[in-house]
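K.L.:
Below is a structure I'd like to ask you about.
The values are calculated or read from the model by the stated rules, or taken from the named source; none is laboratory data. Keep in mind it's a predicted model, so treat the numbers as computed, not measured. All Cβ positions, glycine included, derive from the backbone under ideal geometry; neighbour counts span all protein chains shown. To get the accessible areas, we keep the full protein, side chains included, count just its heavy atoms, and leave off ligands, DNA and RNA. Shrake-Rupley method; radii C 1.70, N 1.55, O 1.52, S 1.80 Å.
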Amino acid sequence: MKKLVIGTVAAAMLATATLAAEYTLKFSHVVSANTPKGKAAEFFEKRLEELSGGRIDVQVYPSSQLYNDNAVVKALRLDSVQMAAPSFSKFGKIVPQLALFDLPFLFKDVDHLHRVQDGEVGEKLKEMVTAKGIVALDFWDAGFKQFSSSKKAIVMPEDAEGQKFRIMSSKVLEAQIKAVGGNPQMMPFSEVYSGLQQGVIDAAENPISNIYTKKFHEVQKYLTMSDHGYLGYLVVMSKKFWNSLPADLQANVKQAMKEATAEERKLAQALDKEQFEEIQKYAKETGNLEIITLTPEQREAWRKVESKIYPEFYDKDKIGKDLIEGALNTK
């Protein structure tokens, strides 16, 4: 009899929990669950369900289980999925101003970057995205980019001259490489390892996570810790879903996202450090890789050359002078 009562109570609690979920939020992303973005998505799931008292049921789908980044923006507009965290490049056609983050040597360090994202400039960019029918919530980190080469150590700007650099499709990145006399080569990410290995390209720029997981450091002779550019994600939500939420649940979403963003940034920096230590270990054990860290003077030499491209993107249809200067002047 006692077991029957306990079982009935448990079933009733489960039914109540199920009934309490007034909204279902599907969060689609493309990386594995065991990454900063994947872990932060799970953190957001638990925190929002807690804050909303179970009224919102968050379901996270990692590793492109639902959509890849090329299809997810359309899916958000249709409310087929309610949240996603695509890379900035996926918004290029609707909000080209997000190319602000491609500009080289714009950010002094990670703290300056986060002050820009959390301040007036970041708010303006999120408003631009939201105006296009997708609610922009927050910025998540992939990491700062580093230069690597098999031809010559990239220490001063002139060291890049004549080298063939793989870049993503971006007018900013094209201008960045041309400014130092390099030859930009657009190439799919899937072809970078073989391109470096076979000498089709001499050099590349990637965050440590890409360098380590794709073993680029094993087919390059030099790695320069330059922190010259940034890769990140924008967490976005279906406007239809957002508008369906009452004010108290919208506040819960904002709070859960604020906490998840802090968690993601912390995880991204920890992973960056851990993977860089593995690359250092490889360099020491094999002697096949030289690692260079730019001094403040060397960084300044790069900044002087690369900042000359900023005016090319002052047009509001490209990035906009106000956003560029706003980022530079953020204290």
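K.L.:
Can you name the residue in region 152-177 that is in a helix (DSSP H, G or I) and touching a residue at least 40 places away in the same chain (Cβ under 8 Å) and, of all such residues, is most open to solvent (accessible area, probe 1.4 Å)?
P.N.:
171
K.L.:
Yes or no: residue 164 touching a Pro at 6+ places or on another chain (Cβ under 7 Å) and over 24 Å from residue 268 (Cα atoms)?
P.N.:
Criteria not met by residue 164.
K.L.:
Does residue 119 satisfy the condition of being touching a residue at least 12 places away in the same chain (Cβ under 8 Å) and at positive phi?
P.N.:
No.
K.L.:
Mind listing whichever residues of region 183-224 are closer than 17 Å to residue 284 by Cα and part of a strand (DSSP E or B)?
P.N.:
222, 223, 224
K.L.:
Quick one: what pairs do we get from region 49-77, first residue within 21 Å of residue 256 (Cβ to Cβ), second crowded, with 18+ Cβ neighbours inside 10 Å and aromatic (Phe, Trp, Tyr), C-beta under 6 Å, 6+ apart or different chains?
P.N.:
Final answer for the pair search is 60/27.
K.L.:
Continuing with this model, one more query. Which members of region 255-301 meet the condition of being charged (D, E, K, R), in contact with an Asp or Glu (Cβ under 9 Å, 6 or more places away or on another chain) and under 30 Å from residue 80 (Cβ atoms)?
P.N.:
258, 264, 265
K.L.:
Another question, then. Could you list, in sequence order, the residues of region 108-118 that are in contact with a helix residue (DSSP H, G or I) (Cβ under 8 Å, 6 or more places away or on another chain) and open to solvent by 10 Å² or more (accessible area, probe 1.4 Å)?
P.N.:
110, 114
K.L.:
Can I ask one more? Filter region 233-267 for residues that are in contact with a Phe, Trp or Tyr (Cβ under 9 Å, 6 or more places away or on another chain), of a type in the set (Asp, Glu) and surrounded by fewer than 22 Cβ atoms within 10 Å (Cβ to Cβ); which is farthest from residue 51 (Cα to Cα)?
P.N.:
Within region 233-267, the match that is farthest from residue 51 (Cα to Cα) is 263.
K.L.:
Is it the case that region 126-144 has a residue that's under 26 Å from residue 330 (Cα atoms), aromatic (Phe, Trp, Tyr), in contact with a strand residue (DSSP E or B) (Cβ under 6 Å, 6 or more places away or on another chain) and open to solvent by less than 10 Å² (accessible area, probe 1.4 Å)?
P.N.:
Yes, some residue in region 126-144 is under 26 Å from residue 330 (Cα atoms), aromatic (Phe, Trp, Tyr), in contact with a strand residue (DSSP E or B) (Cβ under 6 Å, 6 or more places away or on another chain) and open to solvent by less than 10 Å² (accessible area, probe 1.4 Å).
K.L.:
Being open to solvent by less than 40 Å² (accessible area, probe 1.4 Å) and either free of Cβ contacts under 8 Å to residues at least 40 places away in the same chain or farther than 15 Å from residue 241 by Cβ (or both) is the filter here, so list the residues in region 21-48 that pass it.
P.N.:
Once the filter is applied, which keeps residues that are open to solvent by less than 40 Å² (accessible area, probe 1.4 Å) and either free of Cβ contacts under 8 Å to residues at least 40 places away in the same chain or farther than 15 Å from residue 241 by Cβ (or both), region 21-48 yields 21, 29, 31, 33, 35, 36, 37, 38, 40, 41.
K.L.:
Turning to a different aspect of this structure: Within region 127-141, which residues are out of contact with any helix residue (DSSP H, G or I) (no Cβ under 9 Å at 6 or more places or on another chain) and assigned to a helix (DSSP H, G or I)?
P.N.:
127
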